[in-house]
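First the structure, in the form of structure tokens, and then the observations on it.
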Amino acid sequence: MRKPLIAANWKMNKLVEDSTAYGEELIERLKAEDVDLKKVDVAVCVPFIHMAALKVIFLLRGIGVGAQNMHSADSGAYTGEISPAMLEDMGIEYVIIGHSERRMYFAETDAACAEKLKAAHSHKIRPILCVGESLEQREAGEHFDTVRKQLAGCFEGIGGKEAAGTVIAYEPVWAIGTGRTATSGQANEMASFIRSVMADLYDAEAAEQIVILYGGSVKKSNIAELMNMSDIDGALVGGASLDAGEFAQIVNFDPDVVGKTPKVQ
Ligand code: PGA
């Protein structure tokens, strides 16, 4: 059984004082929503400056803190970068790798993602690898080929155990921040395809274990339908995660699945 994961991606937002208030509010809202954090993994992926405050607030609360990027080397002359050893030292549990905004604006390649994936696993940080096609690629019917190529490149040199422990987020670029969500059918079709590619690259057992998220304009109004699909195990949430109340409602995508108190029939 794959455990659902709902991850927030704040991108480049919020100041330190906002992050403290958000952390406290999220704990309260998850309590009010009656969410059992043993039944769902929750991660909040934030800019580096917010990590220390959130680690303290989330201590022993069952909410993970994640980075949105990292370098693949442990240390060295890489001005402005943050290393996996530094993240591990801070107790950071997750790292987003290969987000389309990093691929687009910072020229991140599949080969660079493979190095970062290796580094994350060797530091026991759970990577969330993003893949997904552009609008032009979808309209040209190249979305499956694009994603297959990204997966082959990003998992180059990664062992089966590490692959099985990698979270893969399918984020069609045309659905990010646009308000235009892929239909649950489109999202699940690609999630199933990703699982079949991983079965080809590794084996069926590894593919079955991989937690696959959908990302792109996820909000409280569409999460339930997405989470009902066979191959979607969670969500990577950008804009809608900036509000702790809405994010808590997204985490509570189905009270029967993640609720502490079973619903009375
Ligand atoms: P969005 O972003 O939810 O604002 O579309 C998702 C993401 O980029 O991870």
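The values are calculated or read from the model by the stated rules, or taken from the named source; none is laboratory data. Predicted, not measured: the structure shown is a model, and the values here were computed from it. Please note: Cβ atoms are built from the backbone with ideal geometry, for glycine as well, and neighbour counts cover all protein chains shown.
Residue by residue through the stretch 1-35, note down the ones that are aliphatic (A, V, I, L, M), under 26 Å from residue 232 (Cβ atoms) and not in a helix (DSSP H, G or I).
1, 5, 6, 7, 8, 35
Among (1) among the small types (Gly, Ala, Ser); (2) outside any strand (DSSP E or B); (3) over 17 Å from residue 84 (Cα atoms), which single condition is residue 119 missing?
If we test residue 119 against (1) among the small types (Gly, Ala, Ser); (2) outside any strand (DSSP E or B); (3) over 17 Å from residue 84 (Cα atoms), just (3) comes out false.
Considering 171, 189, 208, which residue is at pLDDT 95 or above and crowded, with 18+ Cβ neighbours inside 10 Å?
Going through 171, 189, 208 in turn, just one is at pLDDT 95 or above and crowded, with 18+ Cβ neighbours inside 10 Å: 171.
Just to be sure I understand the filter: pairs with C-beta atoms under 6 Å, separated by 6 or more residues or on different chains, first member in the stretch 186-200 and charged (D, E, K, R), second member at pLDDT 95 or above and not in a helix (DSSP H, G or I). Which pairs pass?
195/231
Go through the stretch 1-19 and give me each residue that's surrounded by 16 or more Cβ atoms within 10 Å (Cβ to Cβ) and either away from the ligand (no atom under 16 Å from the Cβ) or under 18 Å from the mean Cα position of the chain (by Cα) (or both). I'd like the intermediate steps shown before the answer.
Start the filter on the stretch 1-19 by keeping residues that are surrounded by 16 or more Cβ atoms within 10 Å (Cβ to Cβ), which leaves 4-11, 14, 19.
Hits for the stretch 1-19 are 4, 5, 6, 7, 8, 9, 10, 11, 19.
List the helices (runs of 4 or more DSSP H) inside the stretch 193-265, counting only whole elements, that have at least 3 residues being within 16 Å of the ligand (Cβ to nearest atom).
On the way: elements: 204-209, 223-227, 244-251, 255-258.
Per the criteria, 223-227, 244-251.
Just to be sure I understand the filter: pairs with C-beta atoms under 8 Å, separated by 6 or more residues or on different chains, first member in the stretch 49-64 and over 12 Å from residue 30 (Cβ atoms), second member part of a helix (DSSP H, G or I) and acidic (Asp, Glu). Which pairs pass?
57/24
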